[in-house]
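Have a look at the structure that comes next, please.
The values are calculated or read from the model by the stated rules, or taken from the named source; none is laboratory data. What you are looking at is a predicted structure, and each value in this text was computed from that prediction instead of being measured. We place every Cβ from the backbone using ideal geometry, glycine too, and count neighbours over all the protein chains shown.
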Amino acid sequence: MEETIDKNIIVNNAILSSHTSNIIQKLEEFSRQCKICGASALHSNYGVISCSPCKMFFKRNAITGQKHFKCLYSGKCDVNINNRRICSSCRLTKCFQNGMQSDLFRSSLTKKIISKRKQNKMSKSMIESSNILQKIQEQKQLQRVSFFD
């Protein structure tokens, strides 16, 4: 009798752990969905997990779009992956409602600083490479001179 109770507990634990892993997997899948349209998303953009199309839409329209867009259906459009292009007004509203923040845009000054750093790194590596090549050539010259002596 004691053996059957132990087996049932083990079976129940296995079922419980399988059920728990399914819930965790579904939560992970949900957390990788764009909060705007429901498409698959890999990153958080401007404070919200979102797909690349919604990220770019928000970036292009967050500052001026609210003034220009008007919903034809009283602001009650359902925004999803299939119809996200139909109503820009509701899509942008959903971006803001889900917490996207336009103040997280990189300024053009920040972009310039980043590109300047990249250029500096590249020029440093080119200088280092040319120094290494020069040393190799000097070594070859020394070997030739010592070979002929």
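For the condition under 23 Å from the mean Cα position of the chain (by Cα) and of a type in the set (Lys, Arg), what is the one hit in 59, 70? Before you say what the answer is, go through the steps one by one.
On the way: 70 fails: under 23 Å from the mean Cα position of the chain (by Cα).
From the options 59, 70, the qualifying one is 59.
Filter the range 39-62 for residues that are within 12 Å of residue 95 (Cα to Cα) and part of a loop (DSSP other than H, G, I, E, B); which is modelled with the highest pLDDT?
51
Is it the case that the range 14-36 has a residue that's at pLDDT below 90 and touching a strand residue (DSSP E or B) at 6+ places or on another chain (Cβ under 7 Å)? Break it down into steps so the answer makes sense when it comes.
The first filter runs over the range 14-36 and keeps only residues at pLDDT below 90, leaving 14-32.
So of that shortlist, the ones also touching a strand residue (DSSP E or B) at 6+ places or on another chain (Cβ under 7 Å) come out as 31-32.
Yes, that holds for at least one residue.
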